[in-house]
Every structure is written in C-alpha cells, then in structure tokens.
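One structure is given below, encoded as structure tokens.
The values are calculated or read from the model by the stated rules, or taken from the named source; none is laboratory data. These numbers come from a predicted model, not from an experiment. With ideal geometry, Cβ positions are generated from the backbone for all residues, glycine too; neighbour counts draw on all protein chains shown.
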Amino acid sequence: MGLFHKKTVILLVAVLTVFLLVGLQAQGKYKFVFMEEFITTVLAPVQSIVSNVGFNFRKVGLSTGELMTAYRDNQALRAENEEIRQNNLNVAEIMAENVRLRAMLDYKKVANQFDFVTAAVVGRDLGTWNSTITINRGTADGITKDMPVVTSQGLVGNVVNVYTHVAKVQLILDARSAVGTLVQRPESRVAAIVEGSSATPLSPRMVNIARDADIIKTDKLITSGFGGIYPKGLLIGEVVDVVNEEGGLLKYASIKPAVDFDRLEEVLVIARSREPISTLPPTTPVPSAAPGKAGIPSPGAGR
C-alpha cells in the first residue's frame, strides 16, 4: 500500500472516530472532556465563519428591503408633492379667474343700461398682435358686426367679423380704428378722435386737437357717443402726454388705454344699449388759420 493510501485510511479512521465519539457524547453514554474541548476548539472558527456569513446575508437582505421601502416611500411622496403642486396651480388659476369674473359681474350691475354677452379671448392675430382678437361667441350667441366690446376696465374695441361660434374684434390699438372721444373733465369737454398708432402700438393717440384746446396730462377720455357704434361714457384711457404738431395749429395727446391688453382673457360684448347713440360727429371749433382741418374728421370717422 502506498504512502498516499495509508494517509487516506488514517484520515478516514480519525474522522469516523471523531463522529463516533460525538454521537456517543450526544446520546449521553460517554463524556469525553478532552474530545469536547478538541471539537470545540476545532469547530469554533468554522462556526464563527458560518455565523458571520449568515448574519451578513440577513443584513444585506434587511438593507435591500429597507432600500426598496424607502424607494417606494420616496416615489409616493413625489407623486403626492406633484399632486399638491398641481392642486395649488389649479386653485390659484380658479382664484384669478374668480377675481376677473367678479369684477365683470360688478361692472354689469353698475352698467345696467347695457345687455352683455360674456366671451373668452381664444386667439390673437399673429400678424398684427395688437390689432385683433378672436372671441368664442358668434351669431349663434346673438353677436353681430359693429357691437362694442368692453371689460370692467374700459373700452376694448368693436366686432368687425362674425361667424357662427366665433368673432373677430378690432382693438382700439389698431391703426385702422377711430373712436369718437370726449375729455371727461367738466371744465374741458374737448371732443376729438382716438386712433391707433403704428408708431406706438400700445399707445393710441387723440388727434386733430386745436392748439388752444383745454386738455392736460391725467385727463380721462370717454367715448363721445357719436359715430353710430359706441355709446357715450365708455372709458378709453388717460392722457399721458400732449404734443404740439410742427407747422400748424393742432396738437395730439398720447393715451394710456384703460384696458391692459396684455392680460386680456375675458370680455363683454354690448349686445344692446339703452344709451342714445348719435350717428353725427360732435362739432368743435375749427382753427381759422387751417382751413379744411376740423377738430373732428368727416362724419363717420369717429365711431
């Protein structure tokens, strides 16, 4: 028998002897103190390794479970925060709309000489951003051409094209627009025309004013009621500057509109007015040194 086989046999005998002694001790038949010490000494490192491995596996499993729980909680919190943010946006939008509609309702109560149709602004003319808007009311809602359009702040313009469910509104900022105007101040009552200006798109002008006419900064301008479209008394805006024209006896006034056209979202269409509307322009003094230039253009220019 070779040396290798001898060592193998000896090792097997030793292993069998150890297991036999362990079995006998476990059954309580014999107690081998030295063997118990030997086994404990030999197996202790193995038990420690196995115990540590098991603990680490349990620890990794626990950590993975905690990470998954934390991830799910984080996702739930993200969704909840997004819902709260969206709810806050919705509430803010509803509150803003409520403020606008309440202002319009209050105006309708005060201006009870008019019958209104409420409309939302649904579009603008991209080619002439400040010239026209589209509203979501048309012939099906009783809207017709030339109806005045206002907000609680003042005059917006008038309907120029109308279809079944939408209509186009020409703003007073449009260079083609002309509105018969009156200075509201009792000491003045100067009448003229407010026109849109292509040079200053957001600032229309009160034009063809006699050089000595009583008009100053901060004067409020209202519709004169002449021209057949706009009833008298609608607020147009405020004079911010008065400029003398060169080489003549006339001047013009730059106007800050009463309506904030950049924030125009809802409007009121005046479907019926119990205010008298004249189809004739008001008469104003004509400068004698400037024949042919009246304080008001020809009939029909101011509406």
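Residue-by-condition table, conditions (1) at pLDDT 90 or above; (2) of a type in the set (S, T, Y); (3) more than 27 Å from V122 (Cα to Cα); (4) assigned by TED's automatic domain parsing to the domain that holds T134:
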| position | (1), (2), (3), (4) |
| --- | --- |
| Q170 | yes, no, no, yes |
| R189 | yes, no, yes, yes |
| I193 | yes, no, yes, yes |
| T200 | no, yes, no, yes |
| A210 | yes, no, yes, yes |
| D219 | yes, no, yes, yes |
| G228 | no, no, yes, yes |
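So, of the residues in the range 141-189 that are of a type in the set (D, E, K, R) and part of a loop (DSSP other than H, G, I, E, B), which turns out to be farthest from the chain's Cα centre (by Cα)?
E187
Assess whether V121 counts as being modelled with pLDDT of 70 or more, outside any helix (DSSP H, G or I) and closer than 26 Å to S273 by Cα. Working first, answer last.
Numbers: modelled with pLDDT of 70 or more: yes; outside any helix (DSSP H, G or I): yes; closer than 26 Å to S273 by Cα: yes.
Here the answer is yes, as V121 does meet what is asked.
Among the numbered criteria (1) buried (at least 21 other Cβ atoms within 10 Å of the Cβ); (2) farther than 22 Å from P148 by Cβ, which single criterion is violated by R185?
(1)
Anything in the range 229-269 that is over 37 Å from the mean Cα position of the chain (by Cα) and either surrounded by fewer than 18 Cβ atoms within 10 Å (Cβ to Cβ) or not charged (D, E, K, R) (or both)? List them, or say none. Quick ask: steps written out before the conclusion?
Our first condition is that a residue be over 37 Å from the mean Cα position of the chain (by Cα); within the range 229-269, this holds for 243-251.
Passing the criteria: V243, N244, E245, E246, G247, G248, L249, L250.
Does A192 satisfy the criteria of being in a loop (DSSP other than H, G, I, E, B) and more than 24 Å from M104 (Cα to Cα)?
Working: in a loop (DSSP other than H, G, I, E, B): no; more than 24 Å from M104 (Cα to Cα): yes.
So A192 does not fit the description; no.
Given the conditions (1) in contact (Cβ under 8 Å) with a residue 40 or more places away in the chain; (2) assigned to a loop (DSSP other than H, G, I, E, B); (3) within 30 Å of D125 (Cα to Cα), report the number of the one that A253 does not fulfil.
It fails just one condition, (2).
Residue under question is R137, and the condition is that it be of a type outside the set (A, V, I, L, M) and under 24 Å from the mean Cα position of the chain (by Cα); does it hold?
So R137 fits the description; yes.
Does P186 meet the test of being in contact with a Phe, Trp or Tyr (Cβ under 9 Å, 6 or more places away or on another chain) and of a type outside the set (D, E)?
no
Looking only at the range 195-217, filter to residues that are in contact with a strand residue (DSSP E or B) (Cβ under 6 Å, 6 or more places away or on another chain) and in a loop (DSSP other than H, G, I, E, B); which one of those is farthest from L249 (Cα to Cα)?
S203
Out of the range 178-195, which residues are among the small types (G, A, S) and free of Cβ contacts under 8 Å to residues at least 60 places away in the same chain?
S188
Which residue, of P201, P148, is in contact (Cβ under 8 Å) with a residue 40 or more places away in the chain, of a type outside the set (G, A, S) and surrounded by fewer than 20 Cβ atoms within 10 Å (Cβ to Cβ)?
Working: P148 fails: surrounded by fewer than 20 Cβ atoms within 10 Å (Cβ to Cβ).
Unique residue meeting the criteria: P201.
Looking at the range 216-234 only, could you name the residues that are in contact with a Lys or Arg (Cβ under 9 Å, 6 or more places away or on another chain) and either farther than 13 Å from R185 by Cβ or of a type in the set (D, E, K, R) (or both)?
D219, K220, T223, S224, G225, F226, G227, G228, I229, Y230, P231
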